[in-house]
1. Tally Lys and Arg at +1 and Asp and Glu at -1 over the other residues with C-beta under 10 Å from the C-beta of residue 369: what net charge comes out?
2. Set the Förster distance to 56 Å, then compute FRET efficiency between residue 277 and residue 105 from the Cβ-Cβ distance, nearest 0.05.
3. Please report 231, 88, 253 as a ranked list, fewest other C-beta atoms within 10 angstrom at the top and most at the bottom.
4. Calculated FRET efficiency, residue 222 and residue 78, Cβ-Cβ r, R0 60 Å, to nearest 0.05?
5. 7 Å from Cα along Cα→Cβ at both residue 235 and residue 67: what's the point-to-point distance in nm?
6. Return 49, 222 ranked ascending by Cβ neighbour count within 10 Å, so the fewest neighbours appear first.
7. Stokes-Einstein D for the range 195-423 at 4 °C, 1.567 mPa s, Kirkwood Rh over Cα pairs, in µm²/s?
8. Near residue 211, within a Cβ-to-Cβ distance under 13 Å, what is the net charge of the other residues, with Lys and Arg +1 and Asp and Glu -1?
Amino acid sequence: MPHGDPLATVTGLDPASGPPGTMVVITGTHFHVDTVDVRFGAVSVGANFRILSDECIVAYAPDNTGAVDVHVDNMGGTGTAHTVFTYDTYVGPPGGGGGGTPTVTSVVPNVAVKNDGGDAIAVLGTNFTTAKAVRFQKSFKVVAGSSVHLLAGKADGGLTEGNNADPTSTWDDLSGGSRDGTLTNFGYVLGDRPRTNIETDKAVWSDQSQYGNDGALNGFSFTTASGWAGDGSGSNPYRLVFDGSNDYVALPDLGTATIEDGSASYEVWFMTTSTASGDHPIIGEDNAGSYPAAALLVNGGYLKAVTWDSGGVAAVVTSPGQVSNGLLHHAVITVASTVQTLYLDGYAVTPNPTTTAKTVGTVTRARLGGMYSGYFAGSVLTARIWAIGLTAANVLDNYNAGPNASSVLLSSNARVNLWASNAMRTSGWAES
């Protein structure tokens, strides 16, 4: 892609051989949200892969034969393979019996939350070919170095999946010391059904910065086309969906801390399929509708970074390609020392990433999804407004951290820090 995504590199496979259908843990670099395909030789795995981290993917070997290179393709193009997967045909022991007792040696990742989509967990070990079931024990007891033993599966109330009508407020101590725990301020919703238990009509997007600049939702009908959506899985992330008609999030006046002072950055993780003409702002600041100041917007499917002076004269940087492919994108406009730069998916756009920023007038409000001219049609996962012009290294670090990073760089300079995975997060007892 023109915006310069780094190519993915495969450095390891576990296992490195097996028959078609083998679950393979692929390790390497740049396996981020824009990974579009995993191939064993020339054969794609299709939808049969799950990104666990920037360095780890789980995939199922497609039908093929022989020794083949494994490639991970992202928006930047075809990745580099330094490893080979060798196809073989499993032959059981004489008499058709099992191949020995299955033994688990590790799991990747070792912490996961069960949800509607199902978190992918790679279980590694030996003698799995004839295995008929995999079980995760709900409760366990830590006995070394502790006098208090709290087992979630043994809490009062006998919680079962899908039942939170009478949640418990006590966590029993099983050590014999009667040191029961008392739960305070929990919402008591089950984590195994996050999509049905979130506040789907939540009208405030809580700011995670130190400044408390919460966003107020306006115009949303709180349906799948206008409101909170997602289950937290890789294919269906937590997000706020804007209908492109009248949805917007109103943020407080940030004063002279940002673009009015000459230095600012506006950052979003977003998805859109809209190619509508006209300016459709995703994030920015203006003067109560009198004139715009700075914004990231979509026009005709292209991403634009714009600043305006008080007379409405604009300075614009445009992405060379459209961003209306429905994929997750990371976008940042930075303004520092009169230089205005547009970044897309971690890197400055090419060939013209910068222009001279306009000197803006007084700004009185910040918004997501709708400003001076129109409304954004798409989804926002994370939105941040910074009081500084982020450097190229800062932008790349934030991109590599992903949309759900709870701790971002230069946090004291983040005047607004909104992320949907936090806004939609619940608390209380959960099946696992």
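All of the numbers you see were taken from the coordinates with simple rules; none came from a lab. All figures in this text were calculated on a predicted structure; none of them were measured in a lab. For neighbour counting, all protein chains shown are included, and Cβ atoms are generated from backbone atoms with ideal geometry for every residue, glycine included.
1. Values: positive: 367; negative: 243, 247.
Local charge sum for residue 369: -1.
2. 0.50
3. Going from sparsest to densest Cβ surroundings: 88, 253, 231.
4. FRET efficiency, residue 222 to residue 78: 0.90.
5. A separation of 3.4 nm, rounded to one decimal place.
6. 222, 49
7. It diffuses with D of about 76 µm²/s by this estimate.
8. Charge balance near residue 211 sits at -1.
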